[in-house]
Structure formats: C-alpha cells, structure tokens
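Below is one structure, written out as structure tokens; the observations come after it.
The values are calculated or read from the model by the stated rules, or taken from the named source; none is laboratory data. Everything numeric here is computed off the predicted structure, so don't read it as measured data. Glycine also receives a Cβ, built like all others from the backbone with ideal geometry; neighbour counts cover every protein chain displayed. Calculation scope for accessible area: heavy atoms of the full protein, side chains included, ligands and nucleic acids excluded. Shrake-Rupley method; radii C 1.70, N 1.55, O 1.52, S 1.80 Å.
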Amino acid sequence: MSKKPVRVAVTGAAGQIGYALLFRIASGEMLGKDQPVILQLLEIPDEKAQNALKGVIMELEDCAFPLLAGIEAHSDPMTAFKDTDYALLVGARPRGPGMERADLLAANAQIFTAQGKALNAVASRNVKVLVVGNPANTNAYIAMKSAPDLKPGNFTAMLRLDHNRAASQIAAKIGCAVGDIQKLAVWGNHSPTMYADYRFATVNGKSVKDTINDQVWNKDVFLPTVGKRGAAIIAARGLSSAASAANAAIDHMRDWALGTNGQWVTMGIPSQGWYGIPKDVMFGFPVTCENGEYKVVEGLEIDAFSQECIDKTLAELEGEKDGVKHLL
Ligand SMILES: NC(=O)C1=CN([C@@H]2O[C@H](COP(=O)(O)OP(=O)(O)OC[C@H]3O[C@@H](n4cnc5c(N)ncnc54)[C@H](O)[C@@H]3O)[C@@H](O)[C@H]2O)C=CC1
Ligand SMILES: O=C([O-])CC(=O)C(=O)O
C-alpha cells in the first residue's frame, strides 16, 4: 500500500536555492522514493515574486513527478505552514561581495520571528525545521524561541554545506573518494569561525589526521578554505551558492528523517550543554540519526587547539544572540 503524503513547506520557493531544491524534493531524493509529498510553497506577497512562484509551479507540474501529491502557493506563513511535517526556511536575503553573513541579521531576523510564531500556531506538533537563510544559526535560534509550544530540538540550522565542503577538501588532499571519509565534524556557527575537525575522521578505516599529518595545512589552508568557501563562490559567481546549498539541505533532511546508519553528519542544533556549549545555543555538532531523531556524538576529546576554535565560534554566536534579544 502506498504511503500517506507528508507536507513539506519551503520558503523563498522562487529564489535560487528554491529552484535547485524543489524538484529534488518532489522526485523523492529527500524523503525517499516511496514517500509522496505535498509542497506548501511560500513567497513574499509581491507580484513579481508570486509570478515567479507560479512559473516554478508550472515547471513542477510539467515534470509529472509520481510522488508529487499536491502543490500550494502561499504568501502568508500562517497558511503555508498549516499542518506541515517538514519546513525548510530558505527565504531570506543573501549576502553580496564584501559582506559577512552576520551583516544580514538586521534584514533577515524579523522573518524568523514571524515564521517561528506561524509554525508554533499551525504546523504539525512534530514538524522538523531546517533553517537555511543566513545567518542560519541565529535565525534558527530566533525561530525556535518564537515557537514555545514546539519541541526546541526540532529546530535546526544548516551546517551540512560546511561538512560537505570539508569532506571534499580532505578527499582532494588525500586523493580518495569523498565517500571513503567518515567521522568528520564541524563545530559551531555557519560562518568563517566554524571549526571543521578531522581529528576523528577515517579514510577507508585509517586516520585522516595521520594520513595528512600536517597541522600547518590544517590551520593555514584547510580551515580558511572551508570557512571562506561561501565568499569564494560569491566572488566567482557573483551570486551565493545555490545548488550546493540545496544539496546540503536535501542531505540534512534526508539523514534526519531516514537515518545515517551510524555515520556521523553535522547538524546545527540547540545545545543541551554538550561539550560545555550553553543550553539553547544553536551550534554545529557531530550527530548520528536514527528513527527520525538525531543524537550527538558524545565523549570526544577536545584538545587545546580545538577548544580555542570552539570558544571562538561560540563567542561569535553568543554575540549574535545578544544582538537579537530585542526580537524575542
Ligand atoms: N546555511 C547555508 O549553508 C546557506 C544559506 N544561504 C542563504 O539562503 C538564503 C536564500 O538564498 P538564495 O535562494 O540564494 O536567495 P534568493 O534571493 O535567490 O532567494 C530568496 C527568496 O526568498 C524570498 N523571501 C524573502 N523573504 C521571504 C519571506 N519572509 N518569506 C518567504 N520568502 C521570502 C525572496 O522573495 C526570494 O525569492 C540567503 O539568506 C542565503 O544567504 C545560502 C547558501 C548556503
Ligand atoms: O556564503 C554565503 O553567503 C552563502 C552561504 O552561506 C554559503 O555558501 O555558505
């Protein structure tokens, strides 16, 4: 018997990430090739954006995806999030050259108060929320705090693009396939302060750290390359990453919903005090997923260099949190 359709809300649906995301969700790449979906698409109440959304919907229809059980266009989060099981909050302003993601807080933060409140009012009580819009960690924190009746742990921020970037850089350095690398972690904020940590990673069962054996490369090449990859893409493309961001969103939601078979992935989640990170800080941690739940990989040793990196990214997040106090 075929499964009952689930409701997937996507905001910023007519934007560049939306265009790289919706067709993959509708084809079953996010929730499985046996899971029908109803797409609940939100765009701003502006004629140009709503027209663009209509065009995207026409294209979705023209794909005749067997798993696409319905498509809705919305301009109000209170209707877009009704009964939604999954919410991908993408809609927000992207940065341009010379900006940091935190510079977007003033423009984007209010979106996430309104959308957190709407999720609180009308979404499924088990809704799984992924915030992509930047600055993703703090926006996810705002949405979580604006939705007191939902489980805080169901609000997450996207660190998966950083995780995938780190895996790709390591694979290129070692000369192995990305899929051979396991047990990678990215700690902290989706910003240049993030700490991509390969100390526990393995390549075909061997230690990545021992294989690379070059702390100078780690500190002076790997960490800045991963941390500043978003800016490098903006410099090259004139626009921020879209297909790779959509791909990371698919990876994040798929793994959360369907499980990781014991493999580590990185998710931005509200801390429960793990590794000394204060409660509720939306922080990138290594996790495994099973039965629709994530579980932090605990008990990892944090050496002096790692602690310094973690402290730095935490301080940045605490600063962003202070800056949005007035909205909560
Ligand atoms: N966390 C991550 O790893 C990444 C995050 N991003 C962020 O994702 C966000 C979206 O990026 P793009 O799709 O490239 O931008 P875009 O400008 O192409 O699209 C954004 C869309 O969101 C819509 N929008 C704005 N406010 C909205 C609201 N309140 N409700 C619903 N829709 C709204 C706009 O009308 C626009 O169509 C940006 O903030 C960007 O910085 C981008 C790449 C990676
Ligand atoms: O850098 C940006 O502004 C877009 C983004 O978050 C990324 O590509 O990681």
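How many residues, within region 58-98, are within 30 Å of Ser146 (Cα to Cα), hydrophobic (A, V, I, L, M, F, W, C) and in contact with a strand residue (DSSP E or B) (Cβ under 9 Å, 6 or more places away or on another chain)? Can you show your working first?
Let us first name the residues in region 58-98 that are within 30 Å of Ser146 (Cα to Cα), namely 70-96.
Adding the requirement that they be hydrophobic (A, V, I, L, M, F, W, C) leaves 71, 73, 78, 80-81, 87-90, 92.
With in contact with a strand residue (DSSP E or B) (Cβ under 9 Å, 6 or more places away or on another chain) added as a condition, the list becomes 71, 73, 80-81, 87-90, 92.
Of the residues in region 58-98, 9 are within 30 Å of Ser146 (Cα to Cα), hydrophobic (A, V, I, L, M, F, W, C) and in contact with a strand residue (DSSP E or B) (Cβ under 9 Å, 6 or more places away or on another chain).
For Ala185, only one of the following conditions fails: (1) under 16 Å from the mean Cα position of the chain (by Cα); (2) within 16 Å of ligand 1 (Cβ to nearest atom). What is its number?
Ala185 satisfies all of (1) under 16 Å from the mean Cα position of the chain (by Cα); (2) within 16 Å of ligand 1 (Cβ to nearest atom) except (2).
What are the residue pairs meeting all of these: first residue in region 208-220, first residue assigned by the TED database to the domain that holds Gln182 and closer than 16 Å to Gly175 by Cα, second residue part of a helix (DSSP H, G or I) and open to solvent by 60 Å² or more (accessible area, probe 1.4 Å), Cβ atoms under 7 Å, and 6 or more apart or on different chains?
Close Cβ pairs (under 7 Å, with a partner that is part of a helix (DSSP H, G or I) and open to solvent by 60 Å² or more (accessible area, probe 1.4 Å)) amount to Ile212/Lys173.
Of all residues in region 97-110 being open to solvent by less than 50 Å² (accessible area, probe 1.4 Å) and in contact with a Ser or Thr (Cβ under 8 Å, 6 or more places away or on another chain), which is nearest to ligand 1 (Cβ to nearest atom)?
Here the answer is Arg101.
Consider region 207-266. How many of its residues are within 15 Å of ligand 2 (Cβ to nearest atom) and not acidic (Asp, Glu)? Write out each step before concluding.
The first filter runs over region 207-266 and keeps only residues within 15 Å of ligand 2 (Cβ to nearest atom), leaving 223-249, 251-252, 266.
From what is left, the residues that are not acidic (Asp, Glu) are 223-249, 252, 266.
The qualifying residues number 29.
Among the numbered conditions (1) within 16 Å of ligand 1 (Cβ to nearest atom); (2) within 23 Å of Gln272 (Cα to Cα); (3) open to solvent by less than 50 Å² (accessible area, probe 1.4 Å), tell me where Lys117 comes up short.
Every listed condition holds for Lys117 apart from (3).
Return the only residue of Ala166, Ala121 being at pLDDT 95 or above and in the same structural domain as Ala80 (by the TED database).
Working: Ala166 fails: in the same structural domain as Ala80 (by the TED database).
The match here is Ala121.
Name every residue in region 247-305 that is buried (at least 21 other Cβ atoms within 10 Å of the Cβ) and of a type in the set (S, T, N, Q), in order of residue number.
Result: Thr266, single match.
Give the number of residues within region 66-77 that are assigned to a strand (DSSP E or B) and either more than 14 Å from ligand 1 (Cβ to nearest atom) or open to solvent by 70 Å² or more (accessible area, probe 1.4 Å) (or both).
First, the residues of region 66-77 that are assigned to a strand (DSSP E or B): 68-74.
Pick out the ones that are also either more than 14 Å from ligand 1 (Cβ to nearest atom) or open to solvent by 70 Å² or more (accessible area, probe 1.4 Å) (or both) and you get 68-71.
Qualifying residue count, region 66-77: 4.
Of all the residues that make up region 260-292, how many are under 23 Å from Ala167 (Cβ atoms), in contact (Cβ under 8 Å) with a residue 12 or more places away in the chain and of a type outside the set (A, V, I, L, M, F, W, C)?
Total satisfying the criteria: 10.
Hey, can you tell me all the residues within region 306-328 that are among the aliphatic types (A, V, I, L, M) and open to solvent by 60 Å² or more (accessible area, probe 1.4 Å)?
Applying the first criterion (among the aliphatic types (A, V, I, L, M)) to region 306-328 yields 310, 314-315, 317, 324, 327-328.
The answer is Ala315, Leu328.
Just to be sure before I move on: is Gln110 away from ligand 2 (no atom under 15 Å from the Cβ), in contact with a Pro (Cβ under 6 Å, 6 or more places away or on another chain) and farther than 30 Å from Asp197 by Cβ in the structure I sent?
No, not satisfied.
Within region 10-65, can you find the residues that are in a loop (DSSP other than H, G, I, E, B), free of Cβ contacts under 8 Å to residues at least 40 places away in the same chain and over 18 Å from Ile250 (Cβ atoms)?
Pro45, Asp46, Ala64
Looking at region 10-38 only, could you name the residues that are near ligand 1 (Cβ under 10 Å from one of its atoms) and either of a type in the set (Gly, Ala, Ser) or more than 25 Å from Ala52 (Cα to Cα) (or both)? Give the steps one after another, and end with the answer.
The first filter runs over region 10-38 and keeps only residues near ligand 1 (Cβ under 10 Å from one of its atoms), leaving 10-21.
Answer for region 10-38, where residues must be near ligand 1 (Cβ under 10 Å from one of its atoms) and either of a type in the set (Gly, Ala, Ser) or more than 25 Å from Ala52 (Cα to Cα) (or both): Gly12, Ala13, Ala14, Gly15, Gly18, Ala20.
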